[in-house]
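Okay, structure first, notes after.
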Amino acid sequence: MCRRSESFDPAATTIGSRHPRGDMTLPRVGILAQRVKDRPNHLGVSRCEIVDVDGLRIRVRGLDAIDGSPVLDVEPFLQSMVPKRADVTEPTWVASVMKNYF
């Protein structure tokens, strides 16, 4: 089981712009253009592989998250929603459902 090593601290939330990684030789850019753990919305989106489902427990591989982060939602990764990728496997029914989506 994942454990979060630190507790949530709203005061640690990074807002505005800053030099990436504190490197003053780099230009200041907005916080949403950087990979900062204390983001204003505290939400992230990550694509990963589902390895196993056991009741309400889902085991994944390749999740881009801090250990212990809560998972708020799980959604399908649909090829029609992203640029073409060779590594996406979908059930055959997805194509018929998405045919008239756009």
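The values are calculated or read from the model by the stated rules, or taken from the named source; none is laboratory data. Everything quoted here is computed from the prediction, not taken from an experiment. Here Cβ is always computed from backbone atoms with ideal geometry, including for glycine, and neighbour counts include all displayed protein chains. Quick note on the areas: whole protein, heavy atoms, side chains included, nothing else; ligands and nucleic acids left out. Shrake-Rupley method; radii C 1.70, N 1.55, O 1.52, S 1.80 Å.
Pairing each residue of the range 61-85 that is touching a residue at least 12 places away in the same chain (Cβ under 8 Å) with any residue that is among the small types (Gly, Ala, Ser) and exposed (fewer than 10 other Cβ atoms within 10 Å of the Cβ), provided the two are 6+ apart or on different chains, yields C-beta distances under 7 Å for 67/5; 68/5. Among the residues making up the range 28-64, those that are modelled with pLDDT of 85 or more and among the β-branched types (Val, Ile, Thr) are 29, 50, 51, 53, 58, 60. When the range 74-92 is filtered for residues that are closer than 19 Å to residue 43 by Cβ and either over 16 Å from the mean Cα position of the chain (by Cα) or open to solvent by 100 Å² or more (accessible area, probe 1.4 Å) (or both), the ones remaining, listed by number, are 75, 76. If you filter the range 15-51 down to residues that are over 30 Å from residue 78 (Cβ atoms) and touching a Lys or Arg at 6+ places or on another chain (Cβ under 7 Å), you find that the one that is surrounded by the fewest Cβ atoms within 10 Å (Cβ to Cβ) is 28. Applying the selection to the range 21-44, what residues are of a type outside the set (D, E, K, R) and within 21 Å of residue 9 (Cα to Cα)? Residues satisfying the conditions are 22, 30, 31, 32, 34, 36, 40, 41, 42, 43, 44.
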